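Data first, discussion second: the structure below is written as structure tokens.
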Amino acid sequence: MKYFELAEEEQEILDSVERGEWKSVEDLSKTKNKLRETARATLNKTRNINIRLSERVLQKLKVRAQREGIPYQTLAASILHRDTNGQR
């Protein structure tokens with residue numbers, strides 16, 4: 001007795017499994033770790049953005065970055081990262 005309806009794609013997958021077309025990987029733990037690392041690397045990729053700042057804010061950012069001995073773009077990214085992760 002069916003309690004739900006499968007979408008066409010879901011039904012195709014189920015049929016494929018029932019025909020025995022799916023095979024288990026040899027080393028599941030190793031495969032899971034490799035896929036986990038791939039996902040992590042994908043999420044950690046950096047992207048360029050454009051942001052408009054007033055001259056005054058940009059100048060303050062550059063001064064602070066110079067004081068800390070790092071590029072101002074690195075400082076800006078660090079501030080945003082810290083703030084978006086609740087580490088304020």
Sort out which residues of region 25-70 are hydrophobic (A, V, I, L, M, F, W, C) and farther than 22 Å from His81 by Cβ, and write them in order of number. Val25, Leu28, Leu35
Go through region 28-48 residue by residue and tally those that are surrounded by fewer than 10 Cβ atoms within 10 Å (Cβ to Cβ) and modelled with pLDDT of 90 or more. 2
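The values are calculated or read from the model by the stated rules, or taken from the named source; none is laboratory data. In this text, all values refer to a predicted model and were calculated from it rather than measured experimentally. As a convention, Cβ positions derive from the backbone with ideal geometry for all residues, glycine included, and neighbour counts pool all protein chains shown.
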